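Comments concern the structure below.
The values are calculated or read from the model by the stated rules, or taken from the named source; none is laboratory data. Predicted model, so just to flag it, every value in this text is computed and none were measured. Cβ coordinates were reconstructed from backbone atoms using ideal geometry, including for glycine residues, and neighbour counts include every protein chain displayed. Calculation scope for accessible area: heavy atoms of the full protein, side chains included, ligands and nucleic acids excluded. Shrake-Rupley method; radii C 1.70, N 1.55, O 1.52, S 1.80 Å.
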Amino acid sequence: MINWEFIIGHLNYWFFIVLMMTGLYIVIAKGNLVKKVVGLNIFQTSVFMFYISIGKVIGGTAPIFPVDMKIDNNIVYSNPLPHVLILTAIVVGVATTSLALALIVRIREEYGTIEEDEIFIIEHELDSSNKTPNTYKENGHF
Amino acid sequence: MSLPISHSDSFSLVEQLPILQILVPFVSAPLIVFIGNRTIAWWITFLASLISLLISINLLLLVNDGSIISYHIGGWAPPIGIEYRVDALNAFVLVLIALISTIVAPYAYKSVGNEIPKEHHTLFYAAYLLCVTGLMGVVITGDVFNVFVFLEISSLASYVLISLGSHRDKRALTSAFNYLIIGTIGATFFVIGIGLLYMVTGTLNMIDMAGLLEGKSSSSTVRSAFAFIIVGVGLKLAIYPLHIWLPKAYTFAPSFITAFLAATATKVAIYILLRFMFTIFRPSFLEELNVLNFVILPLSIAAMIIASLIAIFQKDFKGLLAYSSIAQVGYILLGISIMSESGLTAAIIHLFNHGITKVALFMVAGAYVIKRGGSLLTNLQGAGFTMPWTSAAAVVGCLSLIGVPGTAGFISKWILVEAAIENGKWPLAIVIIFSSLLAVVYCGRVIETLYFKNGNDETIVNESPLTMLISIWIASLACIYFGLSTDITISVSDLAAKMLYLK
């Protein structure tokens, strides 16, 4: 017997879980570094959606007090706190994405590719060559 | 347990110490960028670390009697406002971070000068101070969402710092990228956990949350929140199967950054774990779920044995030390999973002692990078004769890692074994000793390479720069000091463990 009330009542959680797993799958399964970052973004966005949806109160309106501050106790407000929290998390997410993309640019410069398997072959050769890496040579320290 | 709580209503300097602990490195970072001079950047970094150390020692002295300092940011009382809450445990971890940061600062002068191009120095030191700020913020705050924000400040800074190792070896870029992906997944899991806890309690203040969670241990929301938080923090602290980012990141990062992060970053993650497990979820919740016995304990034993075995076969000294770090995290988790006050004391003491030991060893590895052109074991052949002082410090560090009496490593392992036997878990004592024997093997390999494999018959002494030697030897002497005089470390860890376990 399918409990439809349970399924529909938790609709936001189902969307959150599907989106989260989609993102996580892309991060793990895709070999292209840019696609990994896209997956990471989808994964993080799912968490933003989750936070925003738990702040919603049924029948609640936007949490803004009237200008004259005459607060009617009968009005139900949504919870603004999760939204504020996720604003911070979005900023963190943007910083992470930009840093990841900057790293990808540098990886492309050094390795000439952004495909994980090709990078792996190059690194494997470096690992097994047992060679001392090129030290940054500039003797005047300061 | 009723505890005296002091409030920050007055404006004396002592009352403002908790916020100054964060503000000093936080304000220094943009200052360095504005001034834009390499030498001044180093001086500001050093002074900021030193002031942080003085503040943290002051805080530790204030809470050493079992009291708690509660600082209200902007005068907003908790649970509405953000609270900085200092007790014996976080004061101790703050001292560890500030101490390591101060010890590695003189070392940075030459090491960074050698490994990082000059034009990047100011930004490098700014990112480093942001990393210090983040780590301290995680430890001092009493607000769960604030933990996430500070955790991401420190993580983002450390991704940048690790990637700057690319001037020596391009593999630093890919290891920083992998760390970024895994670290972000970990942090996001952590945020999901916090969100679920917020759904249940409607608060973000740790103490308030702990009170509201009482009697809700059977709620599946609370249980899944716990799982998300453990996995998220587990990724950051490199619990055994979640450790893949660590060895490469530590091997290819600039030596100075490896030394700092190895001694602090994973320790701070362990602090978060302790705080959530014992202050927010309480020991009774852990006992009910039995998560320590069935999850943390087997994983920590796996870490102690498998990571030590992998360490034996490493070609790179830094890689060897990185795997040994994973094994040592296993020791700390083992102490936690004994689930007793003495076990917790052992975990907290090992957290400190291992930090001191690893910072010494990674600094030695960095000295070899400069003087021998790399940290591969083949580079180290005969270095015992050409770099006598550096190599002597390596030996002291190795002895402390093994746990030879007279070094810091012995004290923590001894207390750990004692705790295991006291709680009737004597098979754990055998595991600890077996893992220490594996440490003898991998440390023995290093010492053998240094002193008994003189391929080129070099005898000309070519010692590391003096500023580096000073740092290396302060850390090595600390290994010996905390192995002989245990009053400070044991009494503080004991107090911290008591407060965690009773609350």
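The single condition from (1) open to solvent by 80 Å² or more (accessible area, probe 1.4 Å); (2) in contact (Cβ under 8 Å) with a residue 12 or more places away in the chain; (3) not aromatic (Phe, Trp, Tyr) that A:GLY31 fails is (1). From the list B:VAL191, B:VAL231, B:VAL222, B:VAL200, the lone residue that is open to solvent by less than 20 Å² (accessible area, probe 1.4 Å), outside any strand (DSSP E or B) and more than 10 Å from every other protein chain (Cβ to nearest Cβ) is B:VAL222.
Between residues in the range A:86-114 that are touching a residue at least 40 places away in the same chain (Cβ under 8 Å) and at the interface with chain B (Cβ under 9 Å from one of its Cβ atoms) and residues that are surrounded by fewer than 16 Cβ atoms within 10 Å (Cβ to Cβ) and assigned to a helix (DSSP H, G or I), which pairs lie under 7 Å by C-beta distance while being six or more apart or on different chains? Filtered contacts from the range A:86-114: A:ILE104/A:VAL34. Residues in the range B:118-144 that are open to solvent by less than 10 Å² (accessible area, probe 1.4 Å) and either at the interface with chain A (Cβ under 9 Å from one of its Cβ atoms) or among the aromatic types (Phe, Trp, Tyr) (or both): B:HIS121, B:PHE124, B:TYR125, B:TYR128. Across the range B:329-377, the qualifying residues are those that are among the basic types (Lys, Arg) and over 21 Å from the mean Cα position of the chain (by Cα), and the one among them that is most open to solvent (accessible area, probe 1.4 Å) is B:LYS371.
Listed by position, the helices (runs of 4 or more DSSP H) contained in the range A:1-64 that have at least 3 residues being within 20 Å of B:ILE192 (Cα to Cα) are A:11-29, A:33-54.
Return yes or no: is B:PRO79 more than 23 Å from B:SER155 (Cβ to Cβ), modelled with pLDDT of 90 or more and crowded, with 19+ Cβ neighbours inside 10 Å? Criteria not met by B:PRO79. Restricting attention to the range A:34-46, and to residues there that are open to solvent by 30 Å² or more (accessible area, probe 1.4 Å) and of a type in the set (S, T, N, Q), which single residue is farthest from the chain's Cα centre (by Cα)? The extreme case among them is A:THR45. The conditions of being surrounded by 12 or more Cβ atoms within 10 Å (Cβ to Cβ) and at the interface with chain B (Cβ under 10 Å from one of its Cβ atoms) are met by A:LEU81.
For the range B:166-175, which positions are within 19 Å of A:HIS124 (Cβ to Cβ) and outside any loop (DSSP other than H, G, I, E, B)? Residues satisfying the conditions are B:SER166, B:ARG171, B:ALA172, B:LEU173, B:THR174, B:SER175. Only residues that are open to solvent by less than 10 Å² (accessible area, probe 1.4 Å) and farther than 13 Å from B:ALA210 by Cα: list them for the range B:275-299, please. Result: B:LEU286, B:LEU292, B:ILE296. Looking across the range A:47-78, the residues that are open to solvent by less than 70 Å² (accessible area, probe 1.4 Å), among the aliphatic types (A, V, I, L, M) and away from every other protein chain (no Cβ under 14 Å) come down to A:ALA62, A:VAL76. In the set B:ALA429, B:ALA408, B:ALA393, which member is open to solvent by less than 20 Å² (accessible area, probe 1.4 Å) and without any contact (Cβ under 8 Å) to a residue 40 or more places away in the chain? Every option except B:ALA429 fails the conditions. The residues of the range B:149-182 that are more than 7 Å from chain A (Cβ to nearest Cβ), crowded, with 22+ Cβ neighbours inside 10 Å and touching a residue at least 40 places away in the same chain (Cβ under 8 Å), listed by number, are B:LEU151, B:SER154, B:SER155, B:SER158, B:LEU161, B:ILE162, B:LEU164, B:GLY165, B:ALA172, B:SER175, B:TYR179. Checking each residue in the range A:19-28 for being facing another protein chain (nearest Cβ under 10 Å) and open to solvent by 60 Å² or more (accessible area, probe 1.4 Å) picks out only A:ILE28.
For the range B:101-160, the set of residues classified as acidic (Asp, Glu) and within 21 Å of B:GLY81 (Cα to Cα) consists of B:ASP143, B:GLU152, listed by residue number. Within the range A:2-18, is even one residue of a type in the set (A, V, I, L, M, F, W, C), open to solvent by 60 Å² or more (accessible area, probe 1.4 Å), at pLDDT 85 or above and under 30 Å from A:ASP117 (Cα atoms)? Yes; the residues of the range A:2-18 include at least one that is of a type in the set (A, V, I, L, M, F, W, C), open to solvent by 60 Å² or more (accessible area, probe 1.4 Å), at pLDDT 85 or above and under 30 Å from A:ASP117 (Cα atoms).
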